[in-house]
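Single-structure report; data block below.
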Amino acid sequence: MINKNLKRIAFNRAATTYDKYAVLQKQISSNLFDRLSPVKLKPNFILDLGSGTGENNSIFKNTYKNKKIINYDFSEKMLMHAKSKDKDLFAQNKILGKKNISYICGDIENLPFKKNLMDLVWSSSSLQWCTDLNKTFSGIKGLLNYGGLFIFSTFGPKTLNELSKINEALYHKNTVNYFTHMHDIGDMLISNGFSNPVLDSEQHILTYSSVDKLFIDIKNIGATSSFNQEKKGLGGKNYLKKISLEYEKYKKSGLFPATYEVIYGYAWNMSKNQKL
């Protein structure tokens, strides 16, 4: 189980380094926008779950002019960094409805919004931090207005498989985060009442001149493992030394690969939920 307190600390620490190191996450977000662009949707309320440093705000503002955009993230420092990118927002009221962009700190698994409020719920590279994905989908479904769209990206079980195999070999257990299979995600969407889910996946392989640089990337985007267990996360000089030696088996053309399986999906709310 993911330790949410450790996860918040990791993301808070990474708030000032995330934009520099989140190259893959930015590409994934761009790919997700490519999937959204042909969809005919005119949302009034847009919720960005796991909004991080607010990288999506400019695209949302340009695509859906004068609409309400809500940045929702687990890390208060990520949100503070997002707000700092737009100095004009500092002088504006923080209350939802008083301006076009709002910033709210909270857990994706506990959404504090009115039912049937959102027309578009977006989440890119964040759902993998949920302990109960089925519960999360249920909460998101309840927020969507009739005809609303939930669009997301997350990571599949092949993600960091090199590191997972090394940990299994060395410690007989996996200290890398657990990732859900694409077909299980599709089943959860359907079981929670979503309509017409569409999912696809692609594989990215990042390469590094050293294993240390891989861990620097992971740390500086806040993606270190936060399982609820002692001394089993990514860290410690002895741990890194052992990992580096084992990683030599995967080295190709002088570079160390890190595989990421990226899952993209979207689904609709076509049921008329009762408003509260």
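Taking each residue of region 102-119 that is in contact (Cβ under 8 Å) with a residue 24 or more places away in the chain and looking for partners that are part of a loop (DSSP other than H, G, I, E, B) and surrounded by 19 or more Cβ atoms within 10 Å (Cβ to Cβ) with beta-carbon atoms closer than 7 Å, six or more apart or interchain, yields ASP107/PHE74; ILE108/GLY50; ILE108/SER126; ILE108/CYS130; GLU109/CYS130; ASP119/PRO43.
The sole residue among ILE205, ILE216 that is part of a helix (DSSP H, G or I) and of a type in the set (A, V, I, L, M, F, W, C) is ILE216.
Residue-wise test of (1) exposed (fewer than 15 other Cβ atoms within 10 Å of the Cβ); (2) of a type in the set (Ser, Thr, Tyr); (3) over 23 Å from TRP268 (Cβ atoms).
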residue	(1), (2), (3)
ILE2	no, no, yes
LYS7	no, no, yes
ALA15	no, no, yes
ILE28	no, no, no
ASP34	yes, no, no
SER37	yes, yes, no
GLY50	no, no, no
LYS68	no, no, no
LYS85	yes, no, yes
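Evaluation of GLY236 against the conditions (1) modelled with pLDDT of 90 or more; (2) closer than 30 Å to PHE74 by Cα shows that the sole unmet condition is (1).
Evaluating GLY193 against the criteria (1) in contact with a Lys or Arg (Cβ under 6 Å, 6 or more places away or on another chain); (2) at pLDDT 95 or above; (3) closer than 29 Å to LEU6 by Cβ leaves one unmet condition, (3). Looking at the structure I just gave you, is TRP122 under 21 Å from ALA22 (Cβ atoms), touching a Lys or Arg at 6+ places or on another chain (Cβ under 7 Å) and surrounded by 14 or more Cβ atoms within 10 Å (Cβ to Cβ)? So TRP122 does not fit the description; no. Residues in region 17-26 that are buried (at least 21 other Cβ atoms within 10 Å of the Cβ) and either polar (S, T, N, Q) or assigned to a loop (DSSP other than H, G, I, E, B) (or both): ALA22, GLN25.
Check THR136, THR131 and return the single one that is outside any strand (DSSP E or B) and in contact (Cβ under 8 Å) with a residue 60 or more places away in the chain.
Numbers: THR136 fails: in contact (Cβ under 8 Å) with a residue 60 or more places away in the chain.
Checking each option against the conditions leaves just THR131.
From the list LYS165, LYS158, the one residue that fits, being at pLDDT below 95, under 30 Å from SER244 (Cα atoms) and of a type outside the set (Val, Ile, Thr), is LYS165.
The values are calculated or read from the model by the stated rules, or taken from the named source; none is laboratory data. Quick caveat: nothing in here was measured; it's all calculated off a predicted structure. With ideal geometry, Cβ positions are generated from the backbone for all residues, glycine too; neighbour counts draw on all protein chains shown.
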